[in-house]
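Colleague: For reference, the structure I am asking about is given below.
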Amino acid sequence: MDEINTYVALGDSFSEGMDDPYTDGDPRGEYRGWADRVAEHIAASRPGLRYANLAVRGKLLHQIVADQVPRAVELRPDLITICGGGNDMIRPGADPDALAVLFDDAVRRLRAVGSEVVVFTGFDPRGLGRGKRFRGQAATFNMHLRAIADRRDCRVVDLWPKGALHDSRAWSEDRLHLSPEGHRRMALRVCQVLSVPVTDDWREPWPPAQEIDWLTLRRDDLHWAKNYLLPWVQRRVQGRSSGDGRDPKRPDLLPLS
């Protein structure tokens, strides 16, 4: 991609970077994530890069559009990545057609200020617990996203086809967020779409997986349900979100430290 001097990431926990903690510790309790890693790759050849990340975990698409898109328009960066709608898809009554209208208007506004925009399709949820329940809706939303990208002349990171990022080791213990290695590979995948030079390949084969017996798998399922599924359900019942009261980790365009 031609000169990228400013980059803004929009979205939810996926773009915020959960669960990819900084290895040297971060006193602010923030995550690194693929977007930070993409910024680092770009900065390797564009040392003056300024980067902002407005993504906040738990946000629904209408919140991303209302809170983050106006700020991105104000910043007028060279590059914007936007991923949203995943939290909507896993909730009952999600309407992929209505979400697509909202997403299209957001991309229109971002493109109107001259920013290059990259959009993401969602992963195939077939292997995600009860993901089969909303797989058809997710597929419909993905078709809309591809059409929007084509209409608005955006680049697409297509995450639906099965590949290296569908390996269980690319995902953290909660089964909803990428692991550090997943984020590393995701950053390489985005750089491929952007034609940003990198030395590694996101498609590199994983080492042979260790066999796990049936009893261990069931114990892992129970641990996941107790520690991740039930708290999520409780927040939904109470009308709360994991992102309530949280501010973006990088609200301004600043050089990478």
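The values are calculated or read from the model by the stated rules, or taken from the named source; none is laboratory data. In this text the structure is predicted, and so the values were computed from the model without any measurement. We place every Cβ from the backbone using ideal geometry, glycine too, and count neighbours over all the protein chains shown. Keep in mind that these areas ignore ligands, DNA and RNA; they rest on the heavy atoms of the full protein, side chains included. Shrake-Rupley method; radii C 1.70, N 1.55, O 1.52, S 1.80 Å.
Colleague: Out of the residues in the stretch 149-169 that are assigned to a helix (DSSP H, G or I) and modelled with pLDDT of 95 or more, state the one that is farthest from residue 46 (Cα to Cα).
Modeller: Filtering first and then ranking leaves 151.
Colleague: Check the stretch 126-148 and report whether any residue there is touching a His at 6+ places or on another chain (Cβ under 9 Å) and either in a loop (DSSP other than H, G, I, E, B) or in contact (Cβ under 8 Å) with a residue 60 or more places away in the chain (or both).
Modeller: no
Colleague: State whether one or more residues within the stretch 193-210 are closer than 22 Å to residue 35 by Cα, open to solvent by less than 50 Å² (accessible area, probe 1.4 Å) and in a helix (DSSP H, G or I).
Modeller: yes
Colleague: Quick one: which residue in 134, 120 is open to solvent by less than 40 Å² (accessible area, probe 1.4 Å), in contact with a strand residue (DSSP E or B) (Cβ under 6 Å, 6 or more places away or on another chain), under 21 Å from residue 63 (Cβ atoms) and not basic (Lys, Arg)?
Modeller: Just a single option satisfies the conditions, and that option is 120.
Colleague: I'm checking my understanding of the structure. Among residues of the stretch 65-117 that are assigned to a helix (DSSP H, G or I) and small (Gly, Ala, Ser), which one is surrounded by the most Cβ atoms within 10 Å (Cβ to Cβ)?
Modeller: Checking each candidate, the answer is 106.
Colleague: Continuing with this model, one more query. Would you confirm, using the coordinates I've provided, whether residue 188 is assigned to a loop (DSSP other than H, G, I, E, B), out of contact with any strand residue (DSSP E or B) (no Cβ under 7 Å at 6 or more places or on another chain) and under 19 Å from residue 18 (Cα atoms)?
Modeller: no
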